[in-house]
Amino acid sequence: MTPVTAEMPKVVDRQGPSGTHRLFAAGNDAGLAEHVQTFGALPLHGVDARLIDVVEASGLTGRGGAAFASWRKIAATVDARSGAPLERKPVVIANGAEGEPLSFKDKALLAHAPHLVIDGLLTAARAVSGGQLFIYATDAGLPAVERALAQRHDSRSIRLVAAPETFISGEASAVVNGIANGPALPTDHRRRLSESGFKGRPTLVLNVETLAHMALIARYGSAWFRTEGSDRDPGTRLVSVSGPAGDRLLEVAGDAGLGDVLSSADIDTSSIQAVLVGGYHGRWVRPMGYRLSPTGPASHTVRPGAGVVHALPDSVCGLETTAQIVGYLANESAKQCGPCMYGLPAMARVLNSLAYGGRDPQLVRELGRLSRMVTGRGACHHPDGAAQLVGSALEAFSAEVAAHLAGTCTKRMGRRS
Amino acid sequence: MSETLHIDWTRCDGRGLCTELLPTLLDRDDWGYPLAKRATNGDRSNVAVRPAHSEAAREAVYLCPKMALSLANQVAGFGQ
Ligand code: SF4
Ligand code: SF4
């Protein structure tokens, strides 16, 4: 074995894009020609397991929500592969299911930069000596990828699989289950996917944006990746911003200020009462001094999850909004696990009551009790995500909770006066 | 040697046989599903089993009608 070095041989003799405009640097609807012209050809023959060290040095974390260190996932897959018979070559899956209703960045990425995602998938596959490769996305994302695959000759091993439009379909074990067996439902996590995933093979599931970053890291190295962002959150990330002014897709530096993200999306922060960060499994925060980073103290940082920022205008009741979301989450439970199947509807009922006129102070305590009861008790983190959302709503909207319990509503009164 | 009792929530139907066999480890929640009395590192799907309860835990694994329970870190049967 040759000794491991932290950088692979430089094959691409050009600079990576400067600034935060990286993933869409080849422009809208980028075809193969624009892609190669912008980024250079993918140095695939130079890629092997040493990529793990490069990705580790880059500090890249998963952009699908959990922000797990990407190099660890790749390394675990390589470990599971060594010693395994040849027919157990790892399976690598590009996950673009994006079930989160407030997220649209993966669809945009697949539509406008499909070649970067394909490059990333081929790169990851080389690093783990992968066999079968899949791109998993909803119908909206597939046509552009299909066109992109038809333009190139290095990607014949990639199969496209349609993901259903459900909230939970992008959970990693649901992705594997959906591709292997049909129903996109999470499976029990007793064994890691890296050891035993698709048909019992070592399986690496990476979000499509994560793969796109990896395609650039393979070209320009880890130091380039770290020229944006901070030490605790290097690189850039896509952010789906939604709110009263409509939807905006941004690519921002890691560790970005929440207020800056909002103003980049032309949202007037003075008309915003709270922001939901991280999506329906995320956290309500108010006002805007937070930074978006997967790590850091909760008092100053908020985890971006899959890069979701949703601004709540002053005129809307945050408790009503949260009650609607929890109702949706209860509906989207895959109804496999008792605590999730019964607990989420119970939470939704109590929160509804609090949002729409209930005045019993026990309602708040009951929400806390149910949240604690469901947390950590499902095959996936759906109950945990719902519980986190509810807890953050009770905190961020504590004034509204007090008003509701006293029989008023800060918003309705505001409207009346 | 410490063991953990893993609950596969996708299988468990919440009739509560295990909670009867392991009353020191498991409560029932509002709907009858097993609820770890103490969570190690917040993990409530893998319940720590002390040696004193090892026998009862094994019985629960064996008797669970849904095969929803399993023990991890069992004493290695082969090799050592
Ligand atoms: S926790 Fe809920 S959403 Fe997750 S697998 Fe179980 S029932 Fe489905
Ligand atoms: S005995 Fe099995 S099915 Fe019954 S509650 Fe316990 S784990 Fe669930």
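The values are calculated or read from the model by the stated rules, or taken from the named source; none is laboratory data. What you see is a predicted model; the values in this text were computed from it and never measured. Cβ sites come from the backbone with ideal geometry, for glycine too, and all protein chains shown count toward neighbours. Ligands, DNA and RNA are stripped out before the accessible areas are found, and what is left, the full protein with its side chains, is counted by its heavy atoms. Shrake-Rupley method; radii C 1.70, N 1.55, O 1.52, S 1.80 Å.
Things to note:
- Cα gyration tensor, the protein assembly as shown - rounded (a/c under 1.5), prolate or oblate: oblate
- Inter-label distance for A:Ala298 and A:Ala140, nm, one decimal - labels placed 7 Å from Cα along Cα-to-Cβ: 3.2 nm
- Shielding by other protein chains, B:27-33, mean Cβ within 10 Å: 5
- Cβ-based charge dipole, chain A, positive-most Cα from A:Leu405, A:Cys340, A:His153: A:Cys340
- Modelled label positions at B:Asp30 and A:Asp48, each set 7 Å beyond Cα in the direction of Cβ, lie 5.7 nm from each other.
- Whole-Hz couplings from phi, Karplus 6.51/-1.76/1.60, listed for the range A:271-278; x for Gly and Pro: 9, 10, 9, 7, 10, 8, 10, x
- Per-peptide average of other Cβ atoms within 10 Å, ordering A:292-300, A:54-62 highest first: A:54-62, A:292-300
- Across the options A:Thr187, A:Gly64, A:Val261, the greatest Cα extent toward the positive end of the charge dipole of chain A (unit charges at beta carbon of Lys, Arg, Asp, Glu) belongs to A:Thr187.
- Carbon plus sulfur fraction of accessible area for the protein assembly as shown, probe 1.4 Å, in percent: 52 percent
- Å² per residue, accessible surface of the range B:2-74 at 1.4 Å: 54 Å²
- Ranked packing of B:45-55, B:3-13, most packed first, by mean Cβ within 10 Å: B:3-13, B:45-55
- Charge dipole (Cα centre; +1 on Lys/Arg Cβ, -1 on Asp/Glu Cβ; no other charges) of chain B amounts to roughly 60 debye.
- Three-way shape call for the range A:186-330 based on the alpha-carbon gyration tensor, with the a/c threshold at 1.5: oblate
- Sequence-ordered 3J(HN,Hα) estimates for the range A:250-257 from the Karplus curve with 6.51, -1.76 and 1.60 and θ = phi - 60° stand at 10, 10, 10, 5, x, 6, 5, x Hz, glycine and proline given as x.
- Three-way shape call for the range A:252-299 based on the alpha-carbon gyration tensor, with the a/c threshold at 1.5: oblate
- Pairs from A:Lys105/A:Lys199; A:Lys107/A:Lys411; A:Lys89/B:Lys37; A:Lys105/B:Lys66; A:Lys73/A:Lys105 whose Cα-Cα separation, in the structure shown, is over 32 Å: A:Lys107/A:Lys411; A:Lys89/B:Lys37; A:Lys105/B:Lys66
- Using only side-chain charges placed at the Cβ, +1 for Lys and Arg and -1 for Asp and Glu, the dipole size of the range A:76-132 relative to its Cα centre rounds to 160 debye.
- Taking θ as phi - 60° and the Karplus parameters 6.51, -1.76 and 1.60, the scalar couplings of the range A:386-395 work out to 5, 5, 5, 4, 5, x, 5, 5, 4, 6 Hz in sequence order, x denoting glycine and proline.
- Quotient of C-alpha Rg and 2.2 N^0.38 Å, computed over the range A:318-405: 1.00
- Those residues of the range A:179-197 for which accessible area with every protein chain present is at least 40 Å² below the isolated value (1.4 Å probe): A:Asp188, A:Arg190
- Evaluated over the Cα positions of the range A:174-229, the convex hull gives a direction-averaged projected area, one quarter of its surface, of 5.2 nm².
- Angle of helix B:51-63 to the longest C-alpha principal axis of chain B, folded into 0 to 90 degrees and rounded to 10: 60°.
- Protein heavy-atom accessible area occluded, B/A pair - total, 1.4 Å probe, Å²: 1500 Å²
- Taken about its Cα centre, the protein assembly as shown carries a charge dipole of about 600 debye when Lys and Arg each add +1 at the Cβ and Asp and Glu each add -1 at the Cβ.
- Shielding by partners for peptide B:14-21, expressed as the average number of C-beta atoms from other protein chains within 10 Å of each residue's C-beta, is 1.
- FRET E, pair A:Ala66, A:Arg359, Förster distance 41 Å, beta-carbon r, rounded to 0.05: 0.60
- Ellipticity estimate at 222 nm from DSSP helix runs (n ≥ 4, -39,500 (n - 2.57)) divided over chain A, nearest 500: -12500 deg cm²/dmol
- In this rough spin-label picture, where each label sits 7 Å from Cα along the Cβ direction, the A:Ser270-A:Arg156 distance is 6.3 nm.
- Probing with 1.4 Å while keeping every protein chain in the model, the per residue accessible area of the range A:304-355 equals 29 Å².
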